[in-house]
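Below is one structure, written out as structure tokens; comments come after it.
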Amino acid sequence: MRAVLIARGDSGVPHPLLHDVAEAAPGPREVLVRVLAAGMNRADLSLKTGHFRAMTGSGPAGVAGLEMAGEVVGCGTDVQGFGLGDRVMAMCSGAHAERVCVDERLLMRVPAGVDVLQAAAWPAALMTAHDALVTNGRLARGDHVLVQAASSVVGIAAVQLARLLGAEQVIGTSTSADKWERLRALGATLAAHGGPTLEAAVREATHGHGVDVVVDHLGAPALAENMASAAVGARIVSVGRMGGTAGAIDLDLLSLKRLSLVGVTFRTRTVDDVAALIARMLADLAPLLQGGRFSMPIDKVFALEDVAQAHAWMKSRQQFGKVILQP
């Protein structure tokens, strides 16, 4: 089968390259999925594989990709929840290939009426956004929410979910004014630049209250403004560190406002951890997903053999929504 591997040329610089690799049989609790579409994520730009070791199936080693949607074409001896022909989606390692082996505990059924491009765009964004907003951010109806880097894929998901789950104000930041209208169309009540002016904008939008939940993708550069914009008792959830990993913390402000600063990642989660996360997410979101109330903008679709162009497009930071690969 064809799969994207990370190769190193004579220069030693890593780059994605399509190869023919052997197709593995699924293990006892694994399902073999024919990939119909695969999502691209910023983690793919690190040009590493095996990001989530616990979510790596028994397929060939070193295959890129972190999420996909497709059709079940084989089942291990102990699989009970899925059968041939089922439409499924998952966050899993090795997704940028024609087929992938996935532990059945990581699989989700694609809701009726949802096309394969949408399904491939959902797993990582929905799982990350729900875990940040609800599990760690303890989002309550009527809360005010700030999403830093809201035009990222996880940011787009967080903006929509916050509104659908009852947030009063959803403030999204982006460095691109061109993307503000698109964020507002998806549910942001205010779209703005981050930086020194953000606290004043938040205070005005929330009538002096501040934000109760922050979903932050920027890291170090946004830490001070997140804390300044936060309400008493707010929860700041560090989802990404795109702008840097080390920043100073005003411990007096942290204590004065009784803030919770929570870090999240999938890299240290077990399969059972992820299965529990999926169950919590579907318990909250299944009616929204089945009812068509959530959608992810599809930015561009590339053929699997054009994976290098897909990487280049993502590196340009022009996208709004999901970049998809199709075998």
* To do: Enter the angle in degrees (range 0 to 90, nearest 10) between the Cα long axis of helix 153-164 and the first principal axis of the Cα atoms of the chain, meaning the one along which they spread out most.
  => 60 degrees
* **the stretch 76-198 - percent relative contact order, Cα under 8 Å, separation 6 or more** => 17 percent
* Asked: Given (i) 127; (ii) 168; (iii) 143 as candidate values of volume of the Cα convex hull per residue in Å³, which corresponds to the one derived from the coordinates?
  -> (i)
* Listed residue (M91, V215, C75) projecting farthest to the positive dipole end of the chain, Cβ model -> V215
* Once phi is turned into ³J(HN,Hα) by the Karplus curve 6.51 cos²θ - 1.76 cosθ + 1.60 with θ = phi - 60°, what whole-Hz value does each residue of the stretch 299-316 show in order, with x for glycine and proline? -> 7, 8, 10, 10, 5, 4, 5, 9, 4, 5, 5, 5, 4, 4, 5, 5, 5, 6
* If one computes the Cα centroid of the stretch 84-110 and of the stretch 1-44, what distance in Å separates the two points? -> 13 Å
* Asked: In deg cm²/dmol, rounded to 500, what helix-only [θ] at 222 nm does the chain give when every DSSP H run of at least 4 residues adds -39500 (n - 2.57) and the total is split over its residues?
  -> -7000 deg cm²/dmol
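Which shape class applies to the stretch 231-271: rounded if a/c is under 1.5, otherwise prolate when a/b exceeds b/c and oblate if not, where a ≥ b ≥ c are the square roots of the Cα gyration tensor eigenvalues?
Details: a/c = 2.95, a/b = 1.66, b/c = 1.77.
Oblate, since a/c reaches 1.5 and b/c is not below a/b.
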* **Among 114-120, 303-309, the order from most to least packed when residues are scored by Cβ within 10 Å on average** => 114-120, 303-309
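Express the relative contact order of the stretch 128-263 as a whole percentage, based on alpha carbon pairs under 8 Å and six or more residues apart in sequence.
On the way: 308 pairs, mean separation 31.2, N = 136.
In percent, rounded to a whole number, it is 23.
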* Asked: Taking the chain as a Gaussian network, where each spring joins two C-alpha atoms under 10 Å apart, which residue of R29, R267, R235 fluctuates the most?
  -> R267
* Amide H to amide H under 5 Å from F302: which residues, 5+ apart in sequence or cross-chain, H placed 1.01 Å off N in plane? -> I324, L325, Q326
* Could you name the lysines whose alpha carbon sits less than 21 Å from that of K179, not counting residues in the same chain fewer than 8 places away? => K300, K315, K322
* Mind sorting M108, M314 by how few other Cβ atoms lie within 10 Å of their own Cβ, fewest first? => M314, M108
* Using modelled amide H (1.01 Å from N, peptide plane; none on Pro or chain starts), what sits under 5 Å from the amide H of C75, excluding residues fewer than 5 places away? -> L32
* Starting with the fewest neighbours, write out D212, D252 ranked by other beta-carbon atoms found within 10 Å of each beta-carbon. => D252, D212
* Long-range amide H contacts for V211: which residues qualify at under 5 Å (H placed 1.01 Å from N, peptide plane, sequence gap of 5 or more or a different chain)? -> A230, A231
* Asked: Does anyone have the angle between helix 271-290 and the longest principal axis of the chain? Alpha-carbon axes, 0 to 90°, nearest 10?
  -> 70 degrees
* Structure fact -> From fewest to most C-beta neighbours within 10 Å, the residues T77, T128 line up as T77, T128
* Sequence-separation-based contact order of the chain, relative, with Cα cut under 8 Å and 6+ spacing, percent -> 17 percent
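What size of dipole, in debye to the nearest 20, comes out for the stretch 230-327 about its Cα centre when the only charges are +1 on Lys and Arg C-beta atoms and -1 on Asp and Glu C-beta atoms?
Dipole about the Cα centre, nearest 20: 200 debye.
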* Asked: Out of E199, E181, E104, any idea which swings most in a Gaussian network model of the chain, alpha carbons joined below 10 Å?
  -> E181
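FYI, it's all coordinate maths here, none of it is from the lab. The structure presented is a predicted model; accordingly, all values stated were derived computationally and were not measured. As a convention, Cβ positions derive from the backbone with ideal geometry for all residues, glycine included, and neighbour counts pool all protein chains shown.
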